[in-house]
Amino acid sequence: NLYVIGTVNMDETTFPFSKKVLDRANTIEFSYVDLVPDFDEEYDAVDVIPQKNEFLVTEYLTLKSDVDVEDKDLIIKVCEELQDINVILQKANAHVGYRVRDEIVFYMINNNNAELLKYEDAFDFEIMQKILPRIQGSSSAVKEMLCELFKKFAGDYTGLNQASVSEQMQEYLNSKNCKYQRSTEKICYMMRRFEEDGFTSYWL
């Protein structure tokens, strides 16, 4: 019955989040801004809508006992996709466990039930919120893992063979739409940072 929602600056003045925290939170990055104001845009007044605690209480706590039978196919689809991603994450010891799996599955079920986003868009958000924030480091294993994740998320990408991997990733992004667009763009940034600084992380 405790909900913590807040903001934090991710820079040299703060410690990075531990994996224990990231496992339990959905992190949403607000790093992209448009500094040009739109004076023609009109804003409607927003009324406060009081809600009781039940509004935020989840319907799902345990994967096998709380989900509906009709969600089984969706659950298997999500878990198989996560399993493939986890194999890649293991290259740099960044793989996820059951808690992250369950939270992603519940997110996808809620999205499906409310008919909010297409499957690929919703899963893309979960990669950004639950998986990529765990990645940081300077080892060759991290670079190799980012390459494999890019291939996985792009959809039909086959190889990385230029001296600047990030440039090749960007060329691909400029010419094609990816299966998980936001995630591939983020990995491209992370790779560029790795090549320029010898270290990378999710945070700008």
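The values are calculated or read from the model by the stated rules, or taken from the named source; none is laboratory data. Please read all numbers here as calculations on a predicted model, not as lab measurements. Here the Cβ is made from the backbone with ideal geometry for all residues, glycine too, and neighbour counts use every protein chain on show. Protein only, heavy atoms only, side chains kept; ligands, DNA and RNA dropped before computing areas. Shrake-Rupley method; radii C 1.70, N 1.55, O 1.52, S 1.80 Å.
Only residues that are open to solvent by less than 50 Å² (accessible area, probe 1.4 Å) and assigned to a loop (DSSP other than H, G, I, E, B): list them for segment 140-160, please.
Listed by number, the residues that qualify are Tyr157, Gly159, Leu160.
Can you pull out the residues in segment 171-204 that are part of a helix (DSSP H, G or I), open to solvent by 70 Å² or more (accessible area, probe 1.4 Å) and either over 22 Å from His95 (Cβ atoms) or without any contact (Cβ under 8 Å) to a residue 12 or more places away in the chain (or both)?
The answer is Glu171, Asn174, Ser175, Glu185, Arg192, Glu196, Asp197.
For segment 33-42, does any single residue satisfy the condition of being touching a helix residue (DSSP H, G or I) at 6+ places or on another chain (Cβ under 8 Å), of a type in the set (A, V, I, L, M) and either surrounded by fewer than 11 Cβ atoms within 10 Å (Cβ to Cβ) or within 30 Å of Gln136 (Cα to Cα) (or both)?
No: zero hits.
Could you list all residues from segment 161-170 that are buried (at least 18 other Cβ atoms within 10 Å of the Cβ) and of a type outside the set (Val, Ile, Thr)?
Selection gives Ser166, Gln168, Met169.
Hand me the list of helices (runs of 4 or more DSSP H) wholly inside segment 62-132 holding 3 or more residues that are among the β-branched types (Val, Ile, Thr) and either touching a Pro at 6+ places or on another chain (Cβ under 9 Å) or surrounded by 18 or more Cβ atoms within 10 Å (Cβ to Cβ) (or both).
The helices (runs of 4 or more DSSP H) meeting that bar are 72-89, 98-114.
Starting from segment 8-28, take each residue that is without any contact (Cβ under 8 Å) to a residue 60 or more places away in the chain and under 13 Å from Pro133 (Cβ atoms) and list its partners that are open to solvent by less than 100 Å² (accessible area, probe 1.4 Å) and not hydrophobic (A, V, I, L, M, F, W, C), counting only C-beta distances under 8 angstrom and pairs at least six apart or across chains.
Matching pairs, first to second residue: Val8/Thr14.
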